[in-house]
Amino acid sequence: MDQTSRITLPTRYGEATYTFGLDDSGRLRVITTPLQGMPDTVFQMTYGHDWPTVKAYFEDSGQLLPDWATAYLDALDPPGQLLPICIHYKREQSVETRRIASFWSGHEGYRDAMHPDMVRRNRMLSKLTGGESRSFLTKATSILEPYLFRLADAATLGSVAEAYRLLGALGTAAGRDRLLQELERGGRHPYARHLLFGLEFHRDDEVLERLTKVYHGGNIADDDLPAVLRLLNGYPGSKTQAFATEILNDHPYLASGIVDVMRSIGLEDKEIRPIFLASFESEKEYHHLDVLVRALNDLSTPSLSLEAVNLRAAAPEFLDVPPVNWPQQLEPGWTALVKDTPLDRVFDVVGSYLSRPEPRLQRNALLQLKVAVQRPENGGRLPPKIEQRLRELLASRYDKVYVEVLNLLGNRRVECNAPLPMVRAILQLSIGTRYRIVILKALRRVGDFPRAREETRQFITEAVNTTDTTQRLEHLSALLPYLEKYLGEVPEVRSQLERRRARVAE
């Protein structure tokens, strides 16, 4: 062992003293880090509540300072943090240290991979991972590999992700095993997606087998699954399809990426379709259905029909759901189907589900109808049976049903075949609901003619004169301003309302 040297360096926590020396192979190393061996109370008194981070930083930097300093030993202008080390060991004649220093002198353009500044270091590590300098990596592997092992262990230095990714790009067996071992550690690895990226450079049966076991162990977080799919993309071997299918069944929202994987391993769309159809038919989470619909209908194979989607959505498991959890609008894939299916067929399918007794299916049908009436070829008139059913649904006890009917009636592209009966149905609903704005909009669209306005005046007048509860009077009082926007001012009704309120109060 050569003579040791105590060197004080600038660090992110102020000046700190390290003890340097050479190991048996002649490489520079840190023998002791600042305050090493001292009780934790000394760290706490010196650095405050953040002392554990400071202590870890000194330990981590102690592992990496020798690599950084050796790389800049012959540099004309080494980084300031390394300058005291470089000055002290400038004339060191150790064969191993001189070999590494000479290598970096001959590859100054890549020296930032060993820079103590995290930003500069990470920028270069990422550049090298990008494959722009494959010939350099081949030459530098024996130096970079042990360095990246140490850097991956030094969490406080901020280069763990970059180290894992470049370690994979080196293509070595030791690097591959390190990445796999990290993934196989208990729990979900915080750098899993970077480990998976690194493994993209190692596509063999063992990697796939060990990765599958990690997945089965529940140690891949949902956020990291896209990285798994990128790894599987184009992965040779028959087991890839089985693994991708398993991921599809567990996580259908990744359907698009799984299609890419299956195509990348040579499957044709006609072979992919039955896999996705099976997943669609067995899926128990409603919000996943539309993802599968879109994936299926993006294949160059026959699309799912509007009938098929409605039938699947009518499964019992999707109906026993409280209205608060019903979708607010029709999903994108389902919407596309409504737009692409012949309009007369849409009305047939939607009409059949409007007639179902289940409120959830009624709402699904209404959401489809809202899309259908926007189609350019729609003449504005609904089939009489559908219009009749809309009148009936205004009496639904579910606001998520009758409000959608009101929204439809307020649409400028809808014209009623029999507007007066519809106005009467709207008026019957109007007193007991808080959705007065949509009531007003529907009345303005459906009842824009004298007879409808006259019946509305009669309705509100009779309602005021016959009511006998304070609560109903309050409902009428809240509704009247909205009806006046449709009828114009009705002072006589307001007077009647005041007289009726006084009488009921007696």
**Request:** Confirm whether K139 is surrounded by fewer than 18 Cβ atoms within 10 Å (Cβ to Cβ) and over 30 Å from the mean Cα position of the chain (by Cα).
**Result:** yes
**Request:** May I ask you to list the residues in the stretch 52-64 that are under 18 Å from S142 (Cα atoms) and open to solvent by less than 20 Å² (accessible area, probe 1.4 Å)?
**Result:** L64
**Fill in**
Of (1) at pLDDT 95 or above; (2) over 47 Å from the mean Cα position of the chain (by Cα); (3) of a type in the set (D, E, K, R), D67 fails just (2)
**Asked** So which residues in the stretch 462-474 are within 18 Å of R436 (Cα to Cα), surrounded by fewer than 18 Cβ atoms within 10 Å (Cβ to Cβ) and in contact (Cβ under 8 Å) with a residue 12 or more places away in the chain?
**Response** R472
**Complete:** Scanning the stretch 249-268 residue by residue, the ones that are surrounded by fewer than 16 Cβ atoms within 10 Å (Cβ to Cβ) and β-branched (V, I, T) total 0
**Item:** Filter result (open to solvent by 40 Å² or more (accessible area, probe 1.4 Å), touching a helix residue (DSSP H, G or I) at 6+ places or on another chain (Cβ under 7 Å) and of a type in the set (S, T, Y)) within the stretch 97-122
**Value:** Y110
**Selected residue [open to solvent by 70 Å² or more (accessible area, probe 1.4 Å), at pLDDT 95 or above, of a type in the set (D, E, K, R) and in a helix (DSSP H, G or I)] from R356, R312, R363, R345** = R345
**Message:** Need the failing condition index for R472 against (1) part of a helix (DSSP H, G or I); (2) under 22 Å from L408 (Cα atoms), just the number.
**Reply:** (2)
**Request:** For I431, indicate whether it is more than 42 Å from the chain's Cα centre (by Cα) and on the phi < 0 side of the Ramachandran plot.
**Result:** yes
**Asked** When you scan the stretch 223-239, how many residues do you find that are modelled with pLDDT of 95 or more and either touching a His at 6+ places or on another chain (Cβ under 9 Å) or basic (K, R) (or both)?
**Response** 4
**Request:** Considering only the stretch 481-500, state which residues are out of contact with any Leu (no Cβ under 9 Å at 6 or more places or on another chain) and under 13 Å from N465 (Cβ atoms).
**Result:** E492, S495, Q496, E498, R499
**Message:** Pull out all pairs, ordered by first then second residue, where Cβ-Cβ is under 7 Å, the residues are six or more apart or on different chains, the first lies in the stretch 241-269 and is of a type in the set (D, E), and the second is open to solvent by 50 Å² or more (accessible area, probe 1.4 Å).
**Reply:** D260/N233; D269/S300
**Prompt:** What are the residues in the stretch 246-295 that are charged (D, E, K, R) and within 22 Å of L208 (Cα to Cα), if any?
**Reply:** E246, D250, D260, R263
**Item:** Members of the stretch 237-252 found to be in contact with a Leu (Cβ under 9 Å, 6 or more places away or on another chain) and not charged (D, E, K, R), listed by number
**Value:** G237, T240, Q241, F243, A244, I247, L248, H251, P252
**Item:** the stretch 282-298: number of residues that are outside any helix (DSSP H, G or I) and surrounded by fewer than 17 Cβ atoms within 10 Å (Cβ to Cβ)
**Value:** 3
**Prompt:** Can you find a residue in the stretch 3-15 that is under 21 Å from P146 (Cβ atoms), open to solvent by 30 Å² or more (accessible area, probe 1.4 Å), assigned to a strand (DSSP E or B) and not aromatic (F, W, Y)?
**Reply:** no
**Asked** When the residues of the stretch 431-442 are filtered to those that are open to solvent by less than 40 Å² (accessible area, probe 1.4 Å) and either at pLDDT below 95 or of a type in the set (K, R) (or both), which remaining residue is farthest from S396 (Cα to Cα)?
**Response** I431
**Message:** Condition (residue is at pLDDT 90 or above, of a type in the set (A, V, I, L, M), in contact with a Phe, Trp or Tyr (Cβ under 7 Å, 6 or more places away or on another chain) and at negative phi) applied to the stretch 443-455: is it met by at least one residue?
**Reply:** yes
**Output for the stretch 366-390, where each listed residue is under 24 Å from P316 (Cα atoms) and open to solvent by 20 Å² or more (accessible area, probe 1.4 Å)** = R389
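The values are calculated or read from the model by the stated rules, or taken from the named source; none is laboratory data. What you see is a predicted model; the values in this text were computed from it and never measured. Neighbour counts run over all protein chains shown; Cβ positions are idealised from the backbone, glycine included. Keep in mind that these areas ignore ligands, DNA and RNA; they rest on the heavy atoms of the full protein, side chains included. Shrake-Rupley method; radii C 1.70, N 1.55, O 1.52, S 1.80 Å.
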